[in-house]
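The structure appears right after this line, and notes come after that.
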Amino acid sequence: MKSAIFLKTFRTRHLFLSQLLLILFVMFESLTAQTNTIRVKSEPGILNSSIENAIQRADSGDTVLLEPGVYAIHDLQISKSITLQGQEGSILDIEERGYGLILKGTNITLKNFEIRNSGSGFMEDFAAILIENSRDIHVEDLTLTNNFFGIFIAKSERILVSNNNIFSNAKRQTTSGNGIHLWYSKNVEAHNNTITGHRDGIYLEFVEESKMSGNNVFSNIRYGLHFMYSNSCSYIGNTFEDNTSGVAVMYTKNVEMLHNHFINNWGANRYGLLLKEINDSVVKYNLFESNSVGIYSEASNRVLIEQNEFRNNGTALRMMANGLDNRIEQNNFISNVFEVTTNSRQNPNHYEGNYWSQYEGYDLNGDGIGDVEYRPVRLFSLLAEKEPLSLIMLRSIMAGVLDTAERVFPVLTPKNLVDPKPLMQPNQ
Amino acid sequence: MITIQQLQKSFGDHHVLRNIDLEIPTGQSIGIVGPNGSGKTTLIKTMLGLVKPDSGTITINNTVLNGNHIYRRDIGYMPQQARYPENMYATELFDFMENLRDQPGEFRNQLIEEFNLYSEVEKPLRVLSGGNRQKVGAVLAMMFNPSILFLDEPTAGLDPRSSYIFKERIRNEKRAGKTILITSHIMSELEQLVEHVVFILEGKIQYYGTIGDLLKDNRQDHLEGAIAQMMEGVEL
Amino acid sequence: MIAVYYQIVRNEFQTLLRARWLIGYGLIFLLLTDTLFRFTGGGAEVLVSLSNVILLFIPLISMLYGILFIYQSRDYLELLLTQPVNRETLYWGLFTGISGPLTSAFLAGTTLPLIWHGNFSGEPAMQTVLVLGIGAILTFIFTGLGFVMGLAYYEEKIKGFGYSLMIWLFMAVIYDGLILLLIFLLGDYPIETGVVGLTMLNPIDLGRILILLEFDISALMGYTGAVFSQFLGSLKGMLTASFMLVLWLILPMWLGLRLFRKKDF
């Protein structure tokens, strides 16, 4: 408890420090508290009772250990500061009756068991784990199978969700929930989770100062990552692959998106990364590969798009002209069909020092920078936008002739959308 | 034995052969004469299957021509202008023909010797002179010892000595019982080589018979005069 | 018959292999492919650039080569026709004897650098085979068209060359321009099926679409359009385009054979 106060008084905006303190706090607690372990066996057919009993008997700091077996539960509340721990074969089955575990408290740890079959609700967001009005919660090494929502976190702080496998088999958006759902929360960390088959892999709304890293989010039926109004969060080293609509981030400022992979998002209106009204943020060191659109940016301002790699996308970067002062620098654009597209003849953004594999200029002075400026917007991309059917003429000589003519005398493409210093070789 | 019945051929509006009837017995040597464009070459090409007739039949050694090709084993053809794949050597051309026909050129070496082609056969055909190419054509026509020879202006490019050698060779072939058809504008040459002439004018046979009879009919001493007279007669 | 065919093909091969320009043709592809590897950093980029060259130049060169062969070897043709050889056999012998070495030069020139840059192993192997296959098929188609033009305009070389160049220009550039125009003129009408059908009639477009389907599917799928994306996004598109390409492979050969059989030489 003392350490909790300590943490509170030292609440810091620095994420790393807070995480460190969290870890120290856990260690401190486990060293000082006098803890007991209560073992629980499953009682087939009887709802909640055995676990509920154990929790009632437990004191703060105790561990409730689940023996292997299937436990029928639903809406099982935990408000004591305990650890609920399982082992190989410990399974909590909700049998489609509603919520699984409902956490309302502080210092609760869930570890190493499986929760399955929450059942879906039209009125309620049933979840395997609901964490509400809580602080200092750890959810680790769980397997969440076939639930409506995986982990639903609301109005909570200092939550750590790590190394969980969250699977479902969502078919339609209306009958499925999100893998990790965060709402009005702060200082949440989600690391190294695998999330698939949900609606959104990770969803954040009104979340602050949170951090997602090392998550593998694939084949969800809406967005891999979806956030709105969630300022000052960072997303580092995640992989978002084959999610029906890619990743969408909206109405947010101060976002850091670093070292992520956005892969294989194919189809109409599918984007590796959709930026909508994102301000003062950084998109750096990411890989965008084989997406219909790598980044789609709309009404976003002062976003730094730097040192990313765009590979084999239909359109690498689609910058709508209603955003200002975005900087696109030192990226590698390799083997994309269209490198940059836009919807205006104006260009309010800055492009410099990128590598464009379609660049055909030369470098006589050998400084690694092309001697001729480069216009990455092709006329043919405009044609394809007006009449998508004309895409069937992609790579035709006619299309090449039109593009070349337009590059020499820009009439329809933005005149000042120019990279004055195109690189001759890709950035390393 | 070559039999031609009611042969007709037009190139577009141009009626090249009109109802040709002709029978050439085995062993006969025959000159085909007529002005330029009278249909001589077309007649030979039709017999070779190069040109498809509009109507009529041709029978060569008991084969009725109908898109078949085996009968050509019996025919040696020497074209007017001999041009061959440029980068090929004459020896290669001969080899190729032997392989193509799956038949050894029994007179190949003999002919090369007679025409003194030894040094020429080891060069690409493109560097050969017109006369030497003509000789290569003669070798090709005769090396398989065919029973029928079609010679289209055979001596046109040859020097007097080669021409003499060539004519000797033809006389030998005649003695061996070959059927020989020669087109030529050099009437004196024909007088030396053939007994019979066919005179074609505007696609029609105007005369077919021995040279002797032709001279007698026209009261001329030489073939040239007789033909010239006939051409005038028709035009009048 | 097969022996005769073999003899003709072999002779063509030998003659052509001695022709320096054919070796030059192979060398150009060798240099080009190797250079592409050095300048683009390898992978799909090389294959895509190579396919651009293939779609542009192979039709032109093959067709000119086919027609040039007919014109240059008229006497040789006539010599062969006077031999006891069937015309059909001769035709096939000549055709394969010409298109074969041309294809071989192209394949040798491209394959060697592709091998030593490791493009024949792993994932790019199939793509490599696709691109080279399209090059080979286009060689056959357009050599065949050259044959057809040469036989159809046997006595009128200037016309023959002129029309061949026009055919190439039409198929390579103008046809696509017309389709684009059509798309923009009739964009409000349901013309998707028609447009897809039209592109299927042009062998260069067919080759191009096969390459699109392999390399640019991500761009194509980014746009809506039912027929379009259904057709292009599925295996059906690939199969239909391949099937049409095979039809195109047959068409000029068959036309050429018809002409050759009936022709007066």
Margin query: Please compute one quarter of the surface area of the Cα convex hull for segment C:62-170 and express it in square nanometres.
Written below: 8.3
Next item on the list: Let me know the shape class of segment A:58-160, please: from the alpha-carbon gyration tensor, a ≥ b ≥ c as square roots of the eigenvalues, rounded when a/c is under 1.5, otherwise prolate if a/b is greater than b/c, or oblate.
Entry: oblate
Next item on the list: Calculate, axis by axis, the spread of Cα positions in the protein assembly as shown along the three principal axes, and write the results as whole Å, longest axis first.
Entry: 146, 62, 54
Margin query: Can you tell me the convex hull volume per residue for segment B:27-79, based on C-alpha atoms, in Å³ to the nearest whole number?
Written below: 107
Note to self: Show me the three semi-axes of the equivalent ellipsoid for segment B:2-216, from the C-alpha gyration tensor (sqrt of 5 times each eigenvalue), largest first, rounded to whole Å.
What the structure shows: 28, 20, 17
Note to self: Cut-off 10 angstrom, C-alpha nodes, Gaussian network model of chain A. Which of A:359, A:71, A:271 fluctuates the most?
What the structure shows: A:359
Next item on the list: With a 1.4 Å probe and all protein chains in place, put A:315, A:37 in order of accessible area, largest first.
Entry: A:37, A:315
Check: Which far-off residues, 5 or more places away or on another chain, put their amide H under 5 Å from the one on residue A:304, with H placed in the peptide plane?
Finding: A:281, A:282, A:283, A:327
Note to self: Please enumerate, by chain and number, the lysines with C-alpha under 23 Å from the C-alpha of residue A:386, excluding those fewer than 8 residues away in the same chain.
What the structure shows: A:276, A:415
Checklist line | Top of C:122, C:177, C:146 by mean-square fluctuation, Gaussian network on chain C, Cα under 10 Å | finding: C:122
Next item on the list: Give a residue-ordered list of calculated ³J(HN,Hα) values for segment B:2-16 (Karplus: 6.51 cos²θ - 1.76 cosθ + 1.60, θ = phi - 60°; whole Hz; x for Gly, Pro).
Entry: 10, 10, 10, 10, 6, 7, 10, 8, 10, 10, x, 7, 7, 7, 8
Check: Given only helices, namely DSSP H runs of n ≥ 4 each adding -39500 (n - 2.57), what is the per-residue ellipticity at 222 nm of the protein assembly as shown, to the nearest 500 deg cm²/dmol?
Finding: -12500 deg cm²/dmol
Next item on the list: Tabulate in residue order the Karplus-calculated ³J(HN,Hα) for segment C:245-257, using 6.51 cos²θ - 1.76 cosθ + 1.60 with θ = phi - 60°, rounded to whole Hz; enter x for Gly and Pro.
Entry: 5, 5, 4, 5, 5, 6, 3, x, 4, 5, 4, x, 5
Next item on the list: Take each of the peptides A:243-251, B:188-196, average the number of other beta-carbon atoms within 10 Å over its residues, and list them starting from the highest.
Entry: A:243-251, B:188-196
Margin query: What does the structure give for A:356-362 when I average, per residue, the other chain Cβ atoms found within 10 Å of the residue Cβ?
Written below: 1
Check: When all C-alpha to C-alpha distances in segment A:2-408 are sorted into bins of 20 Å, what percent of pairs does each bin hold, rounded to whole numbers?
Finding: 26, 47, 21, 5, 0
Item checked: Amide H partners (placed H, <5 Å) of residue A:73, local residues excluded -> A:48, A:93, A:94
Notebook entry, point to check: Roughly what percent of Cα-Cα pairs across segment A:106-220 reach past 20 Å?
Noted result: 31
Margin query: Less than 10 Å Cβ to Cβ from residue B:146, Lys/Arg counted +1 and Asp/Glu -1: what total charge do the surrounding residues give?
Written below: +1
Margin query: Viscosity 1.306 mPa s, temperature 10 °C: what is the translational diffusion coefficient of segment A:314-423 from Stokes-Einstein with a Kirkwood Rh over Cα pairs, rounded to a whole number of µm²/s?
Written below: 111
Next item on the list: Using only the alpha carbons, work out the radius of gyration and Dmax of segment B:162-236 in angstrom.
Entry: 13.3, 42
Check: Percent relative contact order of segment B:2-216, based on C-alpha pairs within less than 8 angstrom and at least six residues apart?
Finding: 30
Note to self: Can you list which of the DSSP-assigned H helices in chain A have a Cα extent of 15 Å or more along the long axis and an average Kyte-Doolittle score of at least 1.0?
What the structure shows: A:15-32
Checklist line | Qualifying chymotrypsin sites (Phe, Trp or Tyr not before Pro) for segment C:88-187 [loop in DSSP, other Cβ within 10 Å: at most 15] | finding: C:120
Next item on the list: Kindly report the accessible area of the protein assembly as shown per residue (heavy atoms of protein chains, probe 1.4 Å, no ligands, DNA or RNA), in Å².
Entry: 42
Check: Taking only C-alpha pairs under 8 Å that are 6+ residues apart, what is the relative contact order of chain C in percent?
Finding: 26
Notebook entry, point to check: What pairs in A:41/A:186; B:9/C:159; B:167/C:263; A:41/A:211; A:253/A:421; A:171/A:211 have C-alpha atoms more than 32 Å from each other?
Noted result: A:41/A:186; B:167/C:263; A:41/A:211
Checklist line | Backbone HN-Hα couplings from phi across segment A:357-368 [Karplus 6.51/-1.76/1.60, Hz, Gly and Pro as x] | finding: 6, 8, 5, 10, x, 10, 9, 6, 7, x, 8, x
Notebook entry, point to check: Dividing the Cα convex hull volume of segment C:109-209 by residue count, how many Å³ per residue is that?
Noted result: 135
Check: Of A:396, C:104, which has the most accessible area and how do the rest follow, probe 1.4 Å?
Finding: C:104, A:396
Check: Under a 5 Å amide H to amide H cut-off, with H placed in plane at 1.01 Å, what residues pair with residue A:339 once short-range neighbours are removed?
Finding: A:316, A:378
Note to self: Projecting each Cα onto the charge dipole of the protein assembly as shown (Lys/Arg +1, Asp/Glu -1 at the beta carbon, about the Cα centre), which of B:125, B:71, A:291 comes out farthest on the positive side?
What the structure shows: B:71
Next item on the list: Rank-order B:168-178, A:198-208, B:60-70, B:21-31 by packing density, defined as the average count of other C-beta atoms within 10 Å over each peptide's residues, highest first.
Entry: A:198-208, B:21-31, B:168-178, B:60-70
Checklist line | Loss of accessible area when A meets C, both sides summed, Å² nearest 100, probe 1.4 Å | finding: 2900
Check: log10 I(q)/I(0), Debye, Cα-only segment B:75-136, no solvent, q = 0.12, 0.13, 0.23, 0.30 Å⁻¹?
Finding: -0.27, -0.32, -1.06, -1.52
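The values are calculated or read from the model by the stated rules, or taken from the named source; none is laboratory data. Quick caveat, the model's predicted, so the values are computed rather than measured. Cβ coordinates were reconstructed from backbone atoms using ideal geometry, including for glycine residues, and neighbour counts include every protein chain displayed. The accessibility values were calculated without ligands, DNA or RNA, using every heavy atom of the protein model including side chains. Shrake-Rupley method; radii C 1.70, N 1.55, O 1.52, S 1.80 Å.
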